[in-house]
1. Go through segment 3-25 and report how many residues are in a strand (DSSP E or B) and either under 15 Å from the mean Cα position of the chain (by Cα) or small (Gly, Ala, Ser) (or both).
2. Of everything in segment 68-84, what is open to solvent by 60 Å² or more (accessible area, probe 1.4 Å), closer than 18 Å to residue 19 by Cβ and not in a strand (DSSP E or B)? Give them in sequence order.
3. Residues 14, 24, 5: which one is modelled with pLDDT of 90 or more, of a type in the set (Val, Ile, Thr) and open to solvent by 40 Å² or more (accessible area, probe 1.4 Å)?
4. Quick check on my filter: what residues within segment 28-84 are in contact (Cβ under 8 Å) with a residue 24 or more places away in the chain and of a type in the set (D, E, K, R)?
5. How about segment 37-67: which of its residues are at pLDDT below 90, open to solvent by less than 60 Å² (accessible area, probe 1.4 Å) and assigned to a loop (DSSP other than H, G, I, E, B)?
Amino acid sequence: MVGSIIATKTTIKIKWPVLTTDQIAVIEAAVSDPDSPFVPVSYTDMCGETVERTVYFGTPSYTLYSWADGLTLVKDASVEGIEQ
């Protein structure tokens, strides 16, 4: 099978350190809105340039970290944004 490349899309992996469940809820709301699946994002690339892209997000992943003192913490939260 032979074909031509018609587009190159950027994938952005976003990771956070330890977060509370309230902070996770904010992330979920931002990346899981079925009424607005495409979101404009700005970030600094590897060359130090500010880049703007419109992306849609994959499924977020989290690792439950602690239930100490009634506070639930999550670590290694991440999600990928794929350019539209």
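1. 7
2. 69, 70, 71
3. On the way: 24 fails: open to solvent by 40 Å² or more (accessible area, probe 1.4 Å); 5 fails: modelled with pLDDT of 90 or more.
Only one candidate qualifies: 14.
4. 28, 53, 75, 76, 80, 83
5. Selection gives 45 alone.
The values are calculated or read from the model by the stated rules, or taken from the named source; none is laboratory data. Nothing here was measured: the structure is a model prediction, and the numbers come from that model. Using ideal geometry, Cβ is built from the backbone for each residue, glycine included, and neighbour counts are taken over all protein chains shown. Heads up: the accessible areas ignore ligands, DNA and RNA and are worked out on the full protein's heavy atoms, side chains in. Shrake-Rupley method; radii C 1.70, N 1.55, O 1.52, S 1.80 Å.
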